[in-house]
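The values are calculated or read from the model by the stated rules, or taken from the named source; none is laboratory data. Everything numeric in this text was worked out from a predicted model, so none of it was measured. Note that we place each Cβ from the backbone using ideal geometry, even for glycine, and neighbour counts take in every protein chain shown.
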Protein chains: 2
Amino acid sequence: MKCSFLRGITVAAAAILVSVGSLAGAQGNAPAAPPTPSSTGAPSGKADPLPSWNRGASRDAITAFVKRVTTRGGKDFVPLPERIAVFDNDGTLWAEQPMYFQLAFALDRVKALAPQHPEWKAQEPFKSVLAGDLKGVLAGGERALMEIIASTHAGITTEEFEGVVKAWLASAKHPKSGLFYTQMVYQPMLELLGYLRANGFKTFIVSGGGVEFMRGFAEKAYGIPPEQVIGSTGKLKFELREGKAVLLKLPEIQFVDDKAGKPAAIQAQIGRRPIAAFGNSDGDLEMLQWTASGPGPHFSLYVHHTDAEREWAYDRASSIGKLDKGLDAATAGGWTVVSMKDDWKRIFPSPR
Amino acid sequence: MKCSFLRGITVAAAAILVSVGSLAGAQGNAPAAPPTPSSTGAPSGKADPLPSWNRGASRDAITAFVKRVTTRGGKDFVPLPERIAVFDNDGTLWAEQPMYFQLAFALDRVKALAPQHPEWKAQEPFKSVLAGDLKGVLAGGERALMEIIASTHAGITTEEFEGVVKAWLASAKHPKSGLFYTQMVYQPMLELLGYLRANGFKTFIVSGGGVEFMRGFAEKAYGIPPEQVIGSTGKLKFELREGKAVLLKLPEIQFVDDKAGKPAAIQAQIGRRPIAAFGNSDGDLEMLQWTASGPGPHFSLYVHHTDAEREWAYDRASSIGKLDKGLDAATAGGWTVVSMKDDWKRIFPSPR
């Protein structure tokens, strides 16, 4: 049973959610309470569309780019249908420490499903998950993590899974901040999404996360509808059950939307080269390069996690959200690198 | 060289474009010149949104459904974001006889590339293609067709391929009608697309055809932007060429968007169950079933090719656009079946 359930899972599965050692390498810094909202710094007489962004080079680069591509008659004017902006999710639109939130979901789901699987009490990696022993889970390596993904993300219909994700998001809290996970979206990025849309951009998520997991909150949290969420996908099996069509989630990977998979997915699903791309890790590098290689005006931006007080500080050495080659490429390419500590007045939407 | 070029092509490749025997089984009926546009039959005082549709059960079913889901306060009202309509392309939005137009493109492209491949003069299936001997091509079976697809749809970047497709569409003519292929879209379906969009629907193509081929005309011909075109895809390779990112088309299949692949692609890329679906063949059956199994109001429609005079007449026995199980399912499910002969005043947009 266990073996057939896992048949077909490839090594790539792990790339969706986890890097081995991520839990062991988790930083201990919890996000502190966000500061009281400060003055927006808006120019008099006009509402500031980016009130949580400090004045400075990053903010100026964003607004200058938007002005360039929206100025009718200007040499860099971009027609509406071509104003495509793509955003990574984990670490770019919401936090990703001490582990990808989707992995927290998977671990919680093991616990929720345990009563239906009495054998798990004696069977790794489930035994360790149920005992709260993350080091024990990790001792099983990639295979253990893949087994967890398979047992928590498959075997039910797509619509059942949507319900499970939404119920989890409505109840689970982040272990350090005590916030709901959807409260750990970045306020400055919410403003940026709205600012771009107000300027005619169509905003997409292009993330290594599971597409059906992200759709559980993307519309409500970001205003991004399901058809503009691109992510990693599992294989689906069409079935007629008493004459009604359902799609059953299989424990096999269809596509891993990470690294070079990101521009490939953008091409397959959007079919236009974006003119603006936003990421935070080396997994976003190819997407930012693809965007930066466009023939017209373009904008590539990295969010750099520099704020150990209000969020977390990590980059080149992190096992989650590693930003190493990307930092070098950003410097070489003149891309914008946002320092969360310096450029953002606040991190999360609401004070606790 | 030949073998490495073909490595990784799966049997599924053939499903994208062709069914073996399609050329041999091609019907001889050419589309006749469309009739002079007749009276629109519009209700007095209001422009008819479907002037090429005859009054009758098919037209009434369409307009009644749209009225139901757009009547605010009605029990079947559907909010705007959920008004998703999906359309097959070949045989549903444009013609598909005597062979899928994308196959005509592939054969023409063999001829265009021949000067760069002197060896093709002595090498099947290219030798037969170049001699105009379609029976000789077919004698090579699926393998021959896959070799043609691989040699004509890969080995160049996505942007180069877009240019090739557009140049072909601007010059090639249909062998029987003498029309440009994009003139062989169905006028009543153009009106239907516009009518649905005017009623708040978001219209998608979901077709077995190659996604990059269809995007070469979908926006101009149908008003459907690239990000709303879902099709079969090939694998792409990300490359940096002198610092510029390109995507190289590989001769390997990523996903075949046909039969049960259609609802799976809809789930992966749209993420909502459509409320209206339009097809013409058994390849669309699962998409129509998926739509018809939705919890709310829904509409499934088959275009039935019944007009041997103005277009072609084919269904259960055809090797292209076979409609057999689908007809039975439509009867059983009470779906709308459009008779092109009886329900449509005209087939193509412009009289010759």
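Here are some notes:
- Looking across region A:146-189 at every residue that is touching a residue at least 24 places away in the same chain (Cβ under 8 Å) and among the aromatic types (Phe, Trp, Tyr), the one that is nearest to A:PHE87 (Cα to Cα) is identified as A:TYR186.
- Pick from region B:317-326, criterion over 18 Å from B:TRP94 (Cβ atoms) and out of contact with any helix residue (DSSP H, G or I) (no Cβ under 9 Å at 6 or more places or on another chain), ranking: modelled with the highest pLDDT: B:ALA317
- Tally of residues being part of a helix (DSSP H, G or I), at pLDDT 90 or above and of a type in the set (A, V, I, L, M, F, W, C) across region B:125-143: 3
- Total residues in region B:219-230, condition among the small types (Gly, Ala, Ser) and facing chain A (nearest Cβ under 9 Å): 0
- Flag for B:ALA264 being free of Cβ contacts under 8 Å to residues at least 24 places away in the same chain, in a helix (DSSP H, G or I) and among the hydrophobic types (A, V, I, L, M, F, W, C): yes
- Scanning region A:94-103 for residues that are within 17 Å of A:SER232 (Cα to Cα) and touching a helix residue (DSSP H, G or I) at 6+ places or on another chain (Cβ under 8 Å) yields A:TYR100, A:PHE101, A:GLN102, A:LEU103.
- Filtered residues of region B:235-246 (kept if surrounded by fewer than 18 Cβ atoms within 10 Å (Cβ to Cβ) and among the small types (Gly, Ala, Ser)): B:GLY243
- Every residue from region A:186-211 that is buried (at least 19 other Cβ atoms within 10 Å of the Cβ), under 18 Å from the mean Cα position of the chain (by Cα) and assigned to a helix (DSSP H, G or I): A:GLN187, A:PRO188, A:MET189, A:LEU192, A:LEU193, A:VAL211
- Single residue of B:GLY91, B:GLY73 found to be at positive phi and surrounded by fewer than 21 Cβ atoms within 10 Å (Cβ to Cβ): B:GLY73
- Residue list for region B:154-185, filter: part of a helix (DSSP H, G or I) and either hydrophobic (A, V, I, L, M, F, W, C) or away from chain A (no Cβ under 14 Å) (or both): B:PHE161, B:VAL164, B:VAL165, B:ALA167, B:TRP168, B:LEU169, B:ALA170, B:SER171, B:TYR181, B:THR182, B:GLN183, B:MET184
- First in region B:207-233 and over 21 Å from B:SER281 (Cα atoms) and assigned by TED's automatic domain parsing to the domain that holds B:ASP90, second anywhere and assigned to a helix (DSSP H, G or I) and aromatic (Phe, Trp, Tyr), Cβ under 7 Å, 6 or more apart: B:GLU212/B:PHE161
- Residue in region B:291-308 that is within 16 Å of the chain's Cα centre (by Cα), in a helix (DSSP H, G or I), within 14 Å of chain A (Cβ to nearest Cβ) and in contact (Cβ under 8 Å) with a residue 40 or more places away in the chain present: no
- Within region B:316-324, none of the residues are under 28 Å from B:ARG197 (Cα atoms), surrounded by fewer than 24 Cβ atoms within 10 Å (Cβ to Cβ) and away from chain A (no Cβ under 14 Å).
- Residue selected from region B:37-68 under the condition at pLDDT 95 or above and among the small types (Gly, Ala, Ser), by the criterion farthest from B:ASP343 (Cα to Cα): B:ALA64
- Of all residues making up region A:51-87, the number that are within 14 Å of another protein chain (Cβ to nearest Cβ), touching a Gly at 6+ places or on another chain (Cβ under 8 Å) and assigned to a loop (DSSP other than H, G, I, E, B): 1
- Candidates A:LEU196, A:LEU236, A:LEU192, filtered to the one that is in contact (Cβ under 8 Å) with a residue 60 or more places away in the chain and facing chain B (nearest Cβ under 8 Å): A:LEU236
- Some residue of region A:218-229 being at pLDDT 95 or above, touching a Gly at 6+ places or on another chain (Cβ under 6 Å), assigned to a strand (DSSP E or B) and crowded, with 21+ Cβ neighbours inside 10 Å: no
- Filter result for A:ILE270 (hydrophobic (A, V, I, L, M, F, W, C), under 23 Å from B:ILE253 (Cβ atoms), in the same structural domain as A:LYS325 (by TED's automatic domain parsing) and more than 15 Å from the chain's Cα centre (by Cα)): yes
- On the stretch given as region B:247-284, residues that are within 8 Å of another protein chain (Cβ to nearest Cβ) and surrounded by fewer than 19 Cβ atoms within 10 Å (Cβ to Cβ) total 2.
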